[in-house]
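J.: Here it is, the structure, as C-alpha cells.
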Amino acid sequence: MKTIHPLVKNVEYAVRGALPIRAEALSEKLRKDPSKLNFDKVIFCNIGNPQQLNQKPITFFRQVASLCENPDLLKAENRLLVSKLYPADAIARAEVLLKHIGSVGAYSHSKGIAHIRENVAKFIEQRDGYPSNPDDIFLTQGASEGVQRVIHLLTQDKQVGIMIPIPQYPLYSATVSLVDAAPVPYYLNEKEDWGLDRDDLEKSLEEAQKKDINVRALVIINPGNPTGQCLSEENIREIIRFCHEKRIVLLADEVYQSNIYQPQHRPFHSFKKVLRSMGPEYQDQELFSFHSTSKGMIGECGRRGGYFECVNIDTEVMDQLYKIASISLCPNVHGQIMVDLMTNPPVEGDPSYPQYKAEIEAIYQSLTRRAEKLAKCFNNLEGVTCNDAEGAMYLFPRIRLSKKAIKAAEDAGMTPDSFYSMAMLDTTGVCVVPGSGFGQEPGTYHFRSTFLPEENLFEDFCHSLKQFHSNFMDKYRD
C-alpha cells in the first residue's frame, strides 16, 4: 500500500463500497447455512443492474447476438433448422452485422464499427430532428469509459475544475480524483424535485474561482442518478446559457433517457436537441453526450455497450480523442452489437416487432408500478420523505435520524446514513447505498435504492423495510 499511487488510494466508489461487500459476505453465509440469518436472500438494490434482479433480456437482442457469436448457424446446411428457431429479421440482422464486423473475435475500428456508428447517428437524428455525423460518435465500453476518457482529456492540471451535481453518481467524483482535478459541487434542490437554478451554478463557479480553480466543464445527469428527476426543457436551456456565457464544456449523462415514468409531465429532452433549437449565438457550445445499453428496458450491463457524441468539438481535439481510443484498440464488439440493436430495434411490420414491443412495454409498465410502490412505501415511514421518480431507476429518500442514532453511528465510526443502511442490510438483507456516497446537503441523511427487485416480491419487500424502520426508530428514539 505504501507504494501505490496516492490518487488511486483517494478514490471512493460507494455503489461497490462497504455495504455491497458486506452484502456479498451475507450471500455467501446464506449459501452455506440459510438458518443463521433472518432472511432467505440478499436483495442488491445498490446498483442499477436489472438482469441481476431477474429482468428478462429482450429476446430479439439475444437472438441476434447469439447468431453473431456462432455464425456457423447461418451456413446453408443449417438454415432450415435455424429458420425454425429464429425469426427471419433476427437472421437478416445478424447477417448484416457480420458482413460489417467480420468476426466478433476481431478488433474493430478504434471508434467502433462504422456501420453501427451510422445507425447511432440515424437514431440521434430521429430522436432530435437535427443532423448527426457518425464521425463525431465514439462507441465505448459502457458510458463510463466515455465519461472517464472525456474528463481525462479536459484535465490540464490539478487546478482544473469539473462542476458536479450533488447528489451525484460517484463515477464522476472518482474519475475527477483519479486525474487529480478539482471537483466543484453544485447542489440540486430536493424541495423542487431535485431541480437546479442559475443562482446555484453561479455560486459554485464563484467559489471555485476564488480558489483559482479553472472550471472547464459541467456534468449534468438527466434523468438523474441517484435522484430520479427529469429536467424541464427550460431548465436545460438555462444550463446551456450558463455554460455558453462562462465558456464551460457540457457533459450530458443521458443514459436513462428511456426510463421516463411521467412522460406527460416531464418528457425527456436531449441536451443536443435543446441546444440546436436555440439561437445561432449558441451553436458553438461544446457538448459531449453519453448513452448506454445498460439501462432503459434493455439492462445489458455486462455487455458494456455505450457511446458518446461530440458536438462542436475542435477537430484537433477530436484527433486526440481518437488517439486515446486507439490505445485501447477498440471497444468490445459484443457491446457494439448491443448498441446497434438499442438504436435500431425492430419496427412495425418486422416479424419480431410484436414480441419486442410486448417485452419492452411489460418491463416499462412494471418499472413504473414499482417506482410508485416504493416511493409510497418510503413516504409512509416515520421521518422519511421521498420524491417520486420521474426517470432513471432510483429513489433517494431522506431520513430524519434521532440524536441517539447519530451518536450510535459516531461510536461505531460510521456516518449516520451508513449506520442506518448497514442495520437495514443486516436485518432485512436489502442492500442500499448511503447518501453520503453520492454527496448530500450538510445535515441531511439519505440513501439510494433501486426499484428493480421483481414486482412479485414487492409486498414482502416493503413490509420488511417497514418493520425494520419501525424497530430502528423505536430503538434509537430520543
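The values are calculated or read from the model by the stated rules, or taken from the named source; none is laboratory data. Everything numeric here is computed off the predicted structure, so don't read it as measured data. Because the Cβ atoms are built from the backbone with ideal geometry, glycine has one as well, and the counts that use them run over all protein chains shown. For the accessible areas, the whole protein counts, side chains as well, though only heavy atoms, and no ligand, DNA or RNA atoms are used. Shrake-Rupley method; radii C 1.70, N 1.55, O 1.52, S 1.80 Å.
J.: Report yes if Lys41 is closer than 30 Å to Phe461 by Cα and at pLDDT 90 or above, otherwise no. Show your work before the answer.
T.: Numbers: closer than 30 Å to Phe461 by Cα: yes; at pLDDT 90 or above: no.
In short, no.
J.: Need the failing condition index for Pro134 against (1) without any contact (Cβ under 8 Å) to a residue 40 or more places away in the chain; (2) surrounded by fewer than 18 Cβ atoms within 10 Å (Cβ to Cβ), just the number.
T.: Evaluating Pro134 over (1) without any contact (Cβ under 8 Å) to a residue 40 or more places away in the chain; (2) surrounded by fewer than 18 Cβ atoms within 10 Å (Cβ to Cβ) leaves (2) as the failure.
J.: Of everything in region 74-88, what is in a helix (DSSP H, G or I) and open to solvent by 90 Å² or more (accessible area, probe 1.4 Å)? Give them in sequence order.
T.: Residues satisfying the conditions are Glu77, Leu80, Leu81, Lys84, Leu85.
J.: Moving on to the next point. Of everything in region 136-178 that's modelled with pLDDT under 95 and acidic (Asp, Glu), which residue is farthest from Tyr445 (Cα to Cα)?
T.: Asp157
J.: On the basis of being crowded, with 21+ Cβ neighbours inside 10 Å and of a type in the set (A, V, I, L, M), does Leu218 make the cut?
T.: Spelling it out, Leu218 is indeed crowded, with 21+ Cβ neighbours inside 10 Å and of a type in the set (A, V, I, L, M).
J.: Scan region 373-396 and tell me whether some residue there is assigned to a helix (DSSP H, G or I), touching a helix residue (DSSP H, G or I) at 6+ places or on another chain (Cβ under 6 Å) and open to solvent by less than 40 Å² (accessible area, probe 1.4 Å).
T.: Taking every residue of region 373-396 in turn, at least one turns out to be assigned to a helix (DSSP H, G or I), touching a helix residue (DSSP H, G or I) at 6+ places or on another chain (Cβ under 6 Å) and open to solvent by less than 40 Å² (accessible area, probe 1.4 Å).
J.: Looking only at region 245-267, decide whether some residue is outside any loop (DSSP other than H, G, I, E, B), of a type outside the set (A, V, I, L, M, F, W, C) and open to solvent by less than 10 Å² (accessible area, probe 1.4 Å).
T.: No, that holds for no residue.
J.: Could I ask something else about it? If the requirement is being within 25 Å of Leu26 (Cβ to Cβ), open to solvent by less than 20 Å² (accessible area, probe 1.4 Å) and either at pLDDT below 95 or part of a strand (DSSP E or B) (or both), which of these qualifies: Leu457, Leu465?
T.: Details: Leu457 fails: open to solvent by less than 20 Å² (accessible area, probe 1.4 Å).
Going through Leu457, Leu465 in turn, the sole match is Leu465.
J.: Of everything in region 195-235, what is in a loop (DSSP other than H, G, I, E, B), over 24 Å from Asp128 (Cβ atoms) and of a type outside the set (Lys, Arg)? Give them in sequence order.
T.: Asp197, Asp212, Ile213, Pro226, Thr227 - these are the residues of region 195-235 that are in a loop (DSSP other than H, G, I, E, B), over 24 Å from Asp128 (Cβ atoms) and of a type outside the set (Lys, Arg).
J.: Which residues, taken from region 156-167, are in contact (Cβ under 8 Å) with a residue 60 or more places away in the chain and open to solvent by 10 Å² or more (accessible area, probe 1.4 Å)?
T.: Gln156, Ile166
J.: Next question, about the same structure. Only one residue in Leu37, Leu30 is more than 30 Å from Pro183 (Cα to Cα) and either in contact with a strand residue (DSSP E or B) (Cβ under 6 Å, 6 or more places away or on another chain) or open to solvent by 30 Å² or more (accessible area, probe 1.4 Å) (or both), so which one is that?
T.: Details: Leu30 fails: either in contact with a strand residue (DSSP E or B) (Cβ under 6 Å, 6 or more places away or on another chain) or open to solvent by 30 Å² or more (accessible area, probe 1.4 Å) (or both).
Just one listed residue meets the conditions, Leu37.
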